[in-house]
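Report on one structure; see the data block that follows.
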Amino acid sequence: MDPERRKKLDERNERRRFRIAHDPEYQAKQDEDKKQRRLRYASDPQHRKKQPESGHIWNTRKSQDPEYVEARNASKRSRYESDIEFRRARQRSVEKSRVRLQAENPRYRLRKSLHQWCLKHDWVRETLPWKTHQPVLFASKVHKECKGCTRVKVREGVKLWWRKIGDRDESWLCHACHMPMDNHTAAMPYGYEDVTTLEGTINRKQELERTAKG
Ligand SMILES: [Zn+2]
């Protein structure tokens, strides 16, 4: 993008962010517009078909120009660290999408629940018939190399890791990579694919044990 246009866009975004931070009415209107756009995307196939075009330029660049991606990330990072308005806006938007995911996306909820169960219950980690990876809980945050991502939070260390089963060389995934949003059945243990609660897990375990005995 040419620098002149970039500058104009930055200035416009700057003004928008300022208004969003200081004008609750404007903020509510922006949220509503965003919601309407999401609804339209979900309900209007014609409109949806046009969408990939707008993401296309960035996607192409992302896959073909690692230097550009690196520079863009670096500039965002330094801005995040130095610009408090920018940081607050980002935090608000992350928090909003977290709340929305929690409310609307059962897979997101399951991912979070499973994380909790693995932290709290040894039997969940140690006795369930995991498919490809087994959860391992460390006493404090440790760094492993996740095979699936380079998330900052994961790089800085987490307590729960998923170790590949049957591999002589240790191979690890972070929780989010072990349970991607689009394939949670592969991450659930054998026989637990449809379970979504801890109570359901306990019941299923008893059921399966009864069947094995009988
Ligand atoms: Zn990962």
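The values are calculated or read from the model by the stated rules, or taken from the named source; none is laboratory data. Everything quoted here is computed from the prediction, not taken from an experiment. Here the Cβ positions follow ideal geometry from the backbone for every residue, glycine too, while neighbour counts run over all protein chains shown. With ligands, DNA and RNA removed, areas are computed over all heavy atoms of the protein, side chains included. Shrake-Rupley method; radii C 1.70, N 1.55, O 1.52, S 1.80 Å.
Considering only GLN27, GLN46, GLN102, the mean-square fluctuation computed in a Gaussian network model of the chain, springs between alpha carbons under 10 angstrom, is largest for GLN46. Comparing VAL94, VAL136, VAL152 in a Gaussian network model of the chain (Cα springs below 10 Å), the most mobile by mean-square fluctuation is VAL152. Under 12 Å from a label point set 7 Å out along the Cα-to-Cβ vector of GLU199, no amide N atom of the stretch 94-126 is found. Think of it as helices only: each DSSP H run of n ≥ 4 in the chain is worth -39500 (n - 2.57), and spread over all residues that comes to -22000 deg cm²/dmol at 222 nm. When both bridge partners sit in the stretch 106-213, DSSP labels roughly 90% of those beta bridges antiparallel.
Is the shape of the stretch 3-104 best called rounded, prolate or oblate, per the rule: a/c under 1.5 gives rounded, else a/b larger than b/c gives prolate, else oblate, with a ≥ b ≥ c the square roots of the Cα gyration tensor eigenvalues?
Details: a/c = 1.62, a/b = 1.06, b/c = 1.53.
It is oblate, given that a/c is not under 1.5 and a/b is not larger than b/c.
When the listed pairs LYS76/LYS96; LYS144/LYS164; LYS7/LYS96; LYS29/LYS76; LYS112/LYS144; LYS153/LYS205 are checked against a 22 Å cut-off, the alpha-carbon distance exceeds it for LYS7/LYS96; LYS29/LYS76; LYS153/LYS205.
On a 0 to 90 degree scale, rounded to 10, what angle separates helix 24-43 from the longest Cα axis of the chain? Once rounded, one gets 60 degrees. Between the Cα long axis of helix 66-82 and the first principal axis of the chain there is an angle of about 80°, rounded to the nearest 10. The slack between THR127 and THR150, meaning 0.36 nm per residue of separation minus the straight C-alpha distance, is 5.3 nm.
Accessible surface area normalised per residue over the chain is 73 Å², counting heavy atoms of protein chains with a 1.4 Å rolling probe. Once you reduce the stretch 140-214 and the stretch 2-27 to the center of their Cα atoms, the two points are 41 Å from each other.
Volume of the convex hull of the chain (Cα atoms only), normalised per residue: 192 Å³. Largest GNM mean-square fluctuation across ARG19, ARG37, ARG90, computed for the chain with C-alpha springs under 10 Å, falls on ARG37. Close amide H contacts of VAL158 (hydrogens built in the peptide plane, cut-off under 5 Å, sequence separation of 5 or more or a different chain): VAL142, LYS144.
Rounded to the nearest 10 degrees, the angle from helix 198-213 to the longest Cα principal axis of the chain is 30 degrees.
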